[in-house]
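The values are calculated or read from the model by the stated rules, or taken from the named source; none is laboratory data. These numbers come from a predicted model, not from an experiment. Glycine gets a Cβ as well: all are built from the backbone with ideal geometry, and neighbour counts include every protein chain shown.
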Amino acid sequence: MAAHVEVVSADLRRMKVKVVPGTFLIDVLNEACKKFNVSSDKYELKYKQKIVDLTGPFRTSGLVSGAKLELVQKSKSASVVSIALDVNGQRYVKKLPNDMTLWQALRQFETSESGLHLTDRGVPVGQQNGQLYHEAPVVNIMGREYSSLEDLQKTMSQCGISSGSMVLRVSFRLTEKTLFDAMSDISQFLQDVDPQELKPEPKKEEVKPAPVAEEPKEQNDPVPAVPNPEEPAAAATSKEVAPPNVEAPSTAADSMDVDKPPLVASEPTDRLQPTGVFSAPTTSTPIAATIQVDDEDFEPTTAHAQLHQQQLLQKAQNTRLKSDAELAAIAEEEARKLAQIKKVEIRVRFPDGSSAAWTASPEDTGAWLYQAIRGVMVHPNQPFKLIIPGNKTHIQEDKKRLVAGYKLQTRELVQLHWDDSVPLSARKEPFLKNSVADKAKALPIPDIPQASAEDVDNAAAAGSSSKPANSNKKANNLDPEAMKKKFSKFLGLSKK
């Protein structure tokens, strides 16, 4: 049965919107805003001084036919909502701002949960090892589906999610596009929608392994054989004769080791080779457990208690949420600090306990790091994943930059985990090639400076000179009899 609601704007203009039981209230808002010629992103509906939930249909909203809804302006600052993502019965919860698009929300869950693939799923189609076809995500919000890229670019506020909590049910629909074509179309679409989206660098596409594989055959004609004692001269000669599409460091790397084969023969550049290789520990006892530490180092002092009390007082005070301008300033400052980073030392820890280090530039991506690691593996075809231990971020094998995308700074540790499909036989074998493992050395242990007794006394004196210590001093100067009388009066034991 057809019904209608009446929407009243701030200037007392009225409009009737026809609804059926299955009409979503977010469509009512969009139709009213279109009639009033205002943006629906900046307004919401109120009924009897209460915000109307726009995510559900008319039949579950509790509204009656002819209900008068007020069109009121939204708060300019984004509100934080609790999003529960339901994927094949598995639920993941995260607090996100409601001005984030559905696509960005899916990407947030992907980066925070290891092994969760929502936007880059591929399914083989065929009898044996068929072509991978893309499985597109479909987001269901209160019975309404958002499946196209245009729909997924809507913010959660545009979908009616303004506050509280909401469940996003994600299913997947097999498309007729291959995974490669779908990823290309998605990247192009996101770059057109968001101008700030990082574009792929042509430098990485120009470097191809094919010219390097043919380089040893051409060295006999224009370049003489590289003698062992004159490595610097050979490196200079190779830099002058090398063709434009072959980088000079790769030729210099071949000239550094004549007796042994190159570390990674198919690598197009020397930067893919590790700057350091470290062997696995010889004992199962952690090195930190072997360091002798005095028990007094773990005893809290008065300064610790005062600092803890100050922190509790600060947490008890009410603090306001940061405004959009403050959040933009913080993001700009963070981007400025990341732009000043020239290189990042990345040490990758392997499953067998060994590790290797690489030096990454701001232009290097996750695909570059995966390619560098595969060059030193015994089984380069076995799948694996890279996890940053602190925030459990999963580094994907894509064109996302390590510095700007994953916010790696100065020195970072990355843990390598085998995929579940890797057989047990490959897991038990050594991770590194013999040519790389021969160059491994023990991981250096830094010297921990020991605090002297004078430093401890100075720290205690600095702690006792703080403001809360003055009140303790007054309490300690009271006469014992006076303290006893005060305590007896507090317990109600004083004589009348």
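Observations
- Checking each residue in the range 148-167 for being modelled with pLDDT of 80 or more, within 15 Å of V81 (Cβ to Cβ) and assigned to a loop (DSSP other than H, G, I, E, B) picks out K154, M156, S157, Q158, C159, G160, I161, G164.
- Residues (outside any helix (DSSP H, G or I), over 16 Å from T155 (Cα atoms) and of a type outside the set (A, V, I, L, M, F, W, C)) located in the range 20-46: P21, G22, T23, N37, K46
- Criterion: exposed (fewer than 10 other Cβ atoms within 10 Å of the Cβ), at pLDDT 85 or above and farther than 30 Å from T290 by Cα - qualifying residue of L402, L424, L491: L424
- Sole residue being within 20 Å of the chain's Cα centre (by Cα), touching a residue at least 60 places away in the same chain (Cβ under 8 Å) and either surrounded by fewer than 13 Cβ atoms within 10 Å (Cβ to Cβ) or assigned by TED's automatic domain parsing to the domain that holds V17 (or both), chosen from G115, G56: G115
- All conditions in (1) closer than 14 Å to V72 by Cβ; (2) in contact with a His (Cβ under 6 Å, 6 or more places away or on another chain) hold for A10, with the sole exception of (2).
- Residues being more than 17 Å from D41 (Cα to Cα) and not in a loop (DSSP other than H, G, I, E, B) - total across the range 70-92: 9
- In the range 39-51, the residues that are aromatic (F, W, Y) form Cβ pairs under 6 Å with partners that are surrounded by 14 or more Cβ atoms within 10 Å (Cβ to Cβ) and part of a strand (DSSP E or B), at six or more places apart or across chains, as follows: Y43/L71; Y47/L69.
- Pairing each residue of the range 134-162 that is free of Cβ contacts under 8 Å to residues at least 24 places away in the same chain with any residue that is surrounded by fewer than 17 Cβ atoms within 10 Å (Cβ to Cβ) and aliphatic (A, V, I, L, M), provided the two are 6+ apart or on different chains, yields C-beta distances under 7 Å for E145/V138.
- Counting residues in the range 95-112 that are more than 26 Å from A328 (Cβ to Cβ) and not β-branched (V, I, T) gives zero.
- Here K95 clears all of (1) outside any loop (DSSP other than H, G, I, E, B); (2) under 24 Å from H134 (Cα atoms) except the condition numbered (2).
- Residues of the range 381-396 that are surrounded by 14 or more Cβ atoms within 10 Å (Cβ to Cβ) and farther than 18 Å from S361 by Cβ: Q382, F384, K385, I387, I388, T393, H394, Q396.
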